[in-house]
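Okay, so here's the structure we're looking at.
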Amino acid sequence: MTSLKLDELIAIDVHTHAEVSCRCPMDEVWQEYEKAANVYFKAGSRRPTIAETVAYYRERKIGLVMFTVDSEHQIGARRIPNEEVADAARDNADTMIAFASIDPHKGRMGVREAKALLKDGVIRGFKFHPTAQGFFPNDRMAYPLYEVIAEHKLPAIFHSGHSGIGTGMPGGGGLRLKYSNPIYLDDVAADFPEMNVIIAHPSWPWQDEALSVCLHKPNVYIDLSGWSPKYFQPQLIQYANGQLKHKMLFGSDYPLITPERWMKDFGEAGFKAEVRPLILKENAIKALRLH
């Protein structure tokens, strides 16, 4: 169950980032990736704190799912603690949902952390970034972690497609795009039917793979974050208006894209009027099991 005031919210943004910790100093290794991402997304250099992000969303009557990304193994940058994100959600339960991020490379220690985080019910899902974490989602290395998530019937968001992280850096910052082809999530969805799998972002250059997996597996959803809707490929809008109208979710990728910009372009992108409220809020209630 959730304490979100669902009737008062105009939308639920399922994809926002904890960018600035109030407990840990900025990691110098991550700063180089952040600078490159600012250029790619044409974003400002100042990122909001967790508290500032929550206040921003509450003012706009939009619920939000927030997470950090644990890329300590692949990138070597310290993550923002999952406990900090959880504490923010505990203090702002009317507006915020917390997801945790644990790199699957952490093995049994990662499983122990997941179990500990889930004890009080504040963490409501998990975030994975195959490119930044350097693993194929169907690698059996990750399965013990998925087993914990599935046991609690929680959702997991997986980055898919191109990555703004590393774009323009020498060698792409050492990151490999191949890990984020959404076809690998077909195995995960088949093997863990109790875990809702959310494919994050329009999955260019593998959009058709994402649509196929989402159409085939009842436990798969697509969040539409990371791109302005005016750049969505035609087949994505086609399926969102038709067979997958109950499987598409609003996400912004804040602070790299603001919900205002996303929602403005969404209203002009060819989505049917009856589909818009499903994408903005109703589908998220089902995917996140907020009833």
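A short reminder: the numbers here are calculations on the coordinates, not readings from a lab. Predicted model only: the values in this text are computed from it and were never measured. As a convention, Cβ positions derive from the backbone with ideal geometry for all residues, glycine included, and neighbour counts pool all protein chains shown.
Under a plain spin-label model, where a point goes 7 Å from the Cα along Cα-to-Cβ, how far apart in nm are residue 8 and residue 23?
Output for this residue pair reads 2.7 nm.
Can you put 169, 96 in order of Cβ neighbours within 10 angstrom, beginning with the fewest?
Numbers: 169 17, 96 24.
Starting with the residue having the fewest Cβ neighbours, the order is 169, 96.
Just to check I understand the Karplus step: with θ = phi - 60° and J = 6.51 cos²θ - 1.76 cosθ + 1.60, what whole-Hz values come out for region 151-165, glycine and proline as x?
3J(HN,Hα) across region 151-165, in whole Hz: 4, 8, 6, 9, x, 9, 9, 10, 4, 9, x, 4, 10, x, 6.
According to a simple spin-label model (label point 7 Å from Cα along Cα-to-Cβ), what is the distance in nm between residue 153 and residue 246?
So the two model labels end up 1.7 nm from each other.
By how many nm would the segment from residue 177 to residue 143 grow when fully extended, if each residue of separation counts as 0.36 nm and the alpha-carbon distance is taken off? Provide the component values of the computation, followed by the final result.
Working: separation 34, 0.36 × 34 = 12.24 nm, distance 2.11 nm.
Taking residue 177 through residue 143 to full extension adds about 10.1 nm, to one decimal.
Where does each of 263-271, 81-89 land if you order them by average Cβ count within 10 Å, highest first? Before the final figure, lay out the partial values.
Values: 263-271: 16.0, 81-89: 20.1.
Highest mean packing first, the order is 81-89, 263-271.
On a C-alpha basis, how far is the centre of region 232-291 from the centre of region 76-132 in Å? Whole number, if you could?
25 Å
How big is the Cα convex hull of region 113-167 in projection, averaged over all directions, in nm²?
Details: hull surface 17.3 nm².
Here the figure is 4.3 nm², rounded to one decimal.
By average Cβ neighbour count within 10 Å, what is the ranking of 244-253, 149-158 from highest down? Show your work: numbers first, answer last.
Values: 244-253: 23.1, 149-158: 20.0.
The most tightly packed comes first, giving 244-253, 149-158.
How big is the chain by the Kirkwood estimate over distinct Cα pairs, in Å? Walk me through the intermediate numbers first.
On the way: mean 1/r = 0.0534 Å⁻¹.
This gives a value of 18.7 Å.
Using the Kirkwood radius over Cα pairs, work out the Stokes-Einstein diffusion coefficient for region 119-219 at 10 °C and 1.306 mPa s, in µm²/s as a whole number.
Here the translational diffusion coefficient equals 114 µm²/s.
Just to verify a number: FRET efficiency for residue 116 and residue 282, C-beta to C-beta distance, R0 = 41 Å, to 0.05? Present the calculation step by step, with values, prior to reporting the outcome.
Details: r = 33 Å, r/R0 = 0.80.
Between residue 116 and residue 282 the formula returns 0.80.
Rounded to two decimals, what is the ratio between the C-alpha radius of gyration of region 44-160 and 2.2 N^0.38 Å?
Details: Rg = 14.3 Å, N = 117, 2.2 N^0.38 = 13.4 Å.
Rg over 2.2 N^0.38 Å, computed on Cα atoms: 1.07.
For residue 190 and residue 109 in one chain, what is 0.36 nm times their gap in residues minus the Cα-Cα distance, to one decimal in nm? List each step's numbers first, then the result.
Values: separation 81, 0.36 × 81 = 29.16 nm, distance 2.54 nm.
The span from residue 190 to residue 109 would gain 26.6 nm if fully extended.
At 7 Å along the Cα-to-beta-carbon direction for both residue 39 and residue 212, put a label point, then send me their distance in nm to one decimal.
3.5 nm
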